[in-house]
Structure formats: C-alpha cells, structure tokens
C-alpha cells in the first residue's frame, strides 16, 4: 500500500472509529456516550463551584463509574452509585468520560 493510500484510508474514519479515538484521548462528554454502557468518569470539566459541588453530592466525581441509561438531545438519564438521575445538557457536557 502506498503512503498516499494509507493516509487516505486513515482520513476516512467511520463514526465508531471516531468515538474510539475520542475515548482514547479522553475528550468524550457524557452526551457523546452510547446508552446502555458503563463508563468511568475521568474528570468534571466546570469552573462553576456550585455545579461541581452538586455533582459531587450525587457521587459524580473522577474515578466513579457512571451508566448512561438513555439520552435525548438536551438531557441524559444516568445511574451513579445506586441512584438514577436526569442531567440537563450543561451537566452532561461537564462530565468527561
């Protein structure tokens, strides 16, 4: 295979390849995740102390498993510890998995 063909084949990534690349780099938010899967929270990406405190009280912090039950355009239903929560878009985007 020529170098040009190898480069072109790498540029034509499927959506699954893009998602796995996002997982490897750690830049995937909860809104990008697949329903029915359990992920480990890598970080909470927010400068808002109140939001950070709220998520911490739910049990949502780095290293904690989180299961995405379902998602819609602007919200996610998740299981953290043994509680089920509906998180809005702002909260869901702050959770990096």
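The values are calculated or read from the model by the stated rules, or taken from the named source; none is laboratory data. These figures come from a predicted structure and were not determined experimentally. Every residue, glycine as well, gets a Cβ built from its backbone with ideal geometry; the counts of neighbours run over all protein chains shown.
Each residue in the range 34-68 was checked for being in contact (Cβ under 8 Å) with a residue 40 or more places away in the chain, within 13 Å of the chain's Cα centre (by Cα) and outside any strand (DSSP E or B), and 3 of them qualify. Regarding the range 21-33, can at least one residue be identified that is part of a loop (DSSP other than H, G, I, E, B), loosely packed, with under 10 Cβ neighbours inside 10 Å and modelled with pLDDT of 90 or more? Looking through the range 21-33, none of the residues is part of a loop (DSSP other than H, G, I, E, B), loosely packed, with under 10 Cβ neighbours inside 10 Å and modelled with pLDDT of 90 or more.
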